[in-house]
1. Before we move on, is Val142 touching a helix residue (DSSP H, G or I) at 6+ places or on another chain (Cβ under 9 Å), open to solvent by less than 40 Å² (accessible area, probe 1.4 Å), modelled with pLDDT of 90 or more and closer than 30 Å to Gln71 by Cα?
2. In region 79-105, which residues are in a helix (DSSP H, G or I) and surrounded by 14 or more Cβ atoms within 10 Å (Cβ to Cβ)?
3. Mind telling me which of the residues Ala75, Ala58 ends up being in contact (Cβ under 8 Å) with a residue 24 or more places away in the chain and either over 25 Å from Glu221 (Cβ atoms) or not aliphatic (A, V, I, L, M) (or both)?
4. For region 1-56: of the residues being at pLDDT 90 or above and touching a Cys at 6+ places or on another chain (Cβ under 9 Å), which is least open to solvent (accessible area, probe 1.4 Å)?
5. Give region 64-78 a look and list any residue that's surrounded by fewer than 16 Cβ atoms within 10 Å (Cβ to Cβ) and either assigned to a strand (DSSP E or B) or among the polar types (S, T, N, Q) (or both), or say none.
6. Given the criteria at pLDDT below 90 and either among the acidic types (Asp, Glu) or closer than 24 Å to Thr55 by Cβ (or both), does Glu190 qualify?
7. Listed residues Gln130, Gln171, Gln183; which is open to solvent by 50 Å² or more (accessible area, probe 1.4 Å) and touching a residue at least 40 places away in the same chain (Cβ under 8 Å)?
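The values are calculated or read from the model by the stated rules, or taken from the named source; none is laboratory data. Predicted model, so just to flag it, every value in this text is computed and none were measured. Counting neighbours? That spans all protein chains shown, and the Cβs are built from the backbone with ideal geometry, glycine included. Remember, those area values only see protein heavy atoms, side chains included, never the ligands or the DNA or RNA. Shrake-Rupley method; radii C 1.70, N 1.55, O 1.52, S 1.80 Å.
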Amino acid sequence: MAWNLLRLLPLLLPLVPMAGLGQSQVQLACSGTLVEARGSAELKRPTQRLRFSLTLEAEEASTDAALASLQQRLAAVRTTLKNLQVVDLEVTSPATWQRPASRDRAGAVQASLQVSGQLAPDQLQPLVRQVGGLAGVRLSPVTTEADAAGDRAARRQLLGAAYQDALQQAQDVAAAIGLRGLQPLAVLLEGGGRPVAMRATAMADAAVPPFDPAELSAPMERLSLQVRFCAR
């Protein structure tokens with residue numbers, strides 16, 4: 001079986017040393033059997049910071065009163081977060097809507113906005129108790145984040161591990177059909193993610209153990225790729 005010339009992605013070149021590679025794009029030909037394999041890898045990284053978000057709400061009889069109440073509650077939230085040394089604080093513009101009257105209660109205007117930011121892991125307990133206990137605050141899941149300075153090294157490690165996974169699978173297939181030599185022809189990178197979250201809620205009893213940031217899911221990165229090999 002003969003295949004046209006295919007390009008090996010430059011991203012993989014450091015992982016597959018070959019003689020005579022002097023350009024960022026290399027064309028290879030396959031006159032053997034095409035073998036495709038998908039490799040994957042995951043890497044757990046140390047937690048450097050926590051990212052949080054919360055909803056702040058207020059309810060009053062009129063729109064003006066609801067916004068005024070929301071503004072007062074936001075001031076208390078800002079002050080508490082400042083004491084926790086929160087960085088990259090973001091506050092959305094407020095939204096209001098009319099809650100219709102029901103048999104049990106009169107109608108009212110509800111106002112809300114979103115607050116988010118980053119803080120040190122050891123501030124998880126104060127975030128839950130001090131901020132989560134403020135009026136109108138509803139905490140969302142807290143996520144962990146790794147040091148951005150290590151992103152490139154982590155990605156290289158993931159690439160190498162995912163490629164080795166695909167290579168081993170391709171070697172097993174080649175051996176099963178009586179072939180030995182493998183030459184990579186093309187690599188397709190697939191997406192990855194960091195699904196890490198914890199629901200943070202306030203505790204009623206201060207005597208129980210605090211929320212421990214070490215118990216949060218560590219930042220997890222995943223990467224998968226598909227490699228096309230020429231087996232002979």
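1. So Val142 passes the test.
2. Passing the criteria: Thr80, Leu81.
3. Values: Ala75 fails: in contact (Cβ under 8 Å) with a residue 24 or more places away in the chain.
The match here is Ala58.
4. Per the criteria, the residue is Val35.
5. Gln71, Gln72, listed by residue number.
6. Against the criterion (at pLDDT below 90 and either among the acidic types (Asp, Glu) or closer than 24 Å to Thr55 by Cβ (or both)), Glu190 qualifies.
7. Gln130
Residues are listed down the side, and each one gets a yes or a no for (1) at pLDDT 90 or above; (2) touching a Pro at 6+ places or on another chain (Cβ under 7 Å); (3) part of a helix (DSSP H, G or I); (4) aromatic (Phe, Trp, Tyr):
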{"residue": "Tyr163", "(1), (2), (3), (4)": "yes, no, yes, yes"}
{"residue": "Asp172", "(1), (2), (3), (4)": "yes, no, yes, no"}
{"residue": "Met203", "(1), (2), (3), (4)": "no, no, no, no"}
{"residue": "Phe211", "(1), (2), (3), (4)": "no, no, no, yes"}
{"residue": "Ala214", "(1), (2), (3), (4)": "no, no, yes, no"}
{"residue": "Arg222", "(1), (2), (3), (4)": "yes, no, no, no"}
{"residue": "Val227", "(1), (2), (3), (4)": "yes, yes, no, no"}
{"residue": "Cys230", "(1), (2), (3), (4)": "yes, no, no, no"}
